[in-house]
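Undergrad: Got a structure here, written out as structure tokens. Questions coming.
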Amino acid sequence: MISTSAFRDVLRHFASGVTLVTARDGERVYGLTVSAFSSLSADPPLIAVVIDQRSSIHQALAQEGAGFAVNILAEDHRELSDRFAFVPDADRFAEGVWGATEDGIPVLEDALAWLACTVEASHPVGSHVLYIGRVRASHTPRAEHPPLVYWNREYRKLGG
């Protein structure tokens, strides 16, 4: 078996888009930066996100019928991505232009796109939890803008 550091060193060479996963539990909102996001199925529409078990968002996602949103970030959202990765939970939503889905889940109004989901299943896997979400709504506010890309431990621009 390889070491954690060797594993991470290899995976840094896989480029990925960057998302903010957001949720609500009563009056409290949660959000974090997530690059472990993938589509799973078009029929029915299902996605997957993988979240570290130490994240506080699990409180919201563990509720019966829990909902969450995946906000796909644009190239100009670097600071917001860092904010949701490093700033304490209570201060994360102080920046950005936020709206909400019909059931109150925060969505980034100037995201490339967002998906509103209901937790279909969750599976603990090592240090993380795999959440499968059934997509129930979506919007593409800035579909023509380039995405925020993360590769080799840095944000990158497409073609550069």
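Coordinate-derived values only; no laboratory data. In this text, all values refer to a predicted model and were calculated from it rather than measured experimentally. Glycine gets a Cβ as well: all are built from the backbone with ideal geometry, and neighbour counts include every protein chain shown.
Undergrad: Within a 10 angstrom radius of the beta carbon, how do VAL129, VAL10 rank from fewest other beta carbons to most? Numbers along the way, then the final one.
TA: Numbers: VAL129 19, VAL10 9.
Ranking VAL129, VAL10 by Cβ neighbours within 10 Å, fewest first, gives VAL10, VAL129.
Undergrad: Next up: Go ahead and set up a Gaussian network model of the chain, Cα springs under 10 Å, then flag whichever of ALA116, ALA69, ALA90 fluctuates most.
TA: Ranking ALA116, ALA69, ALA90 by mean-square fluctuation puts ALA90 first.
Undergrad: Given the C-alpha centroids of segment 16-51 and segment 82-129, what is the distance between them in whole angstrom?
TA: Comparing the Cα centres of segment 16-51 and segment 82-129, I get a distance of 7 Å.
Undergrad: Still on this structure, I have one more. For the chain, the longest stretch holding no trypsin sites (Lys or Arg not before Pro) located in a DSSP loop with at most 11 other Cβ atoms within 10 Å is which?
TA: 55-152
Undergrad: Springs between alpha-carbon pairs under 10 angstrom, Gaussian network model over the chain: which of ALA48, ALA60, ALA121 fluctuates most?
TA: ALA121
Undergrad: Let me ask another. Exactly which GluC sites (Glu not before Pro) in segment 60-136 are in a DSSP loop and have at most 14 other Cβ atoms within 10 Å?
TA: Here the GluC sites (Glu not before Pro) that fit, given the DSSP loop and packing criteria, are GLU64, GLU95, GLU102.
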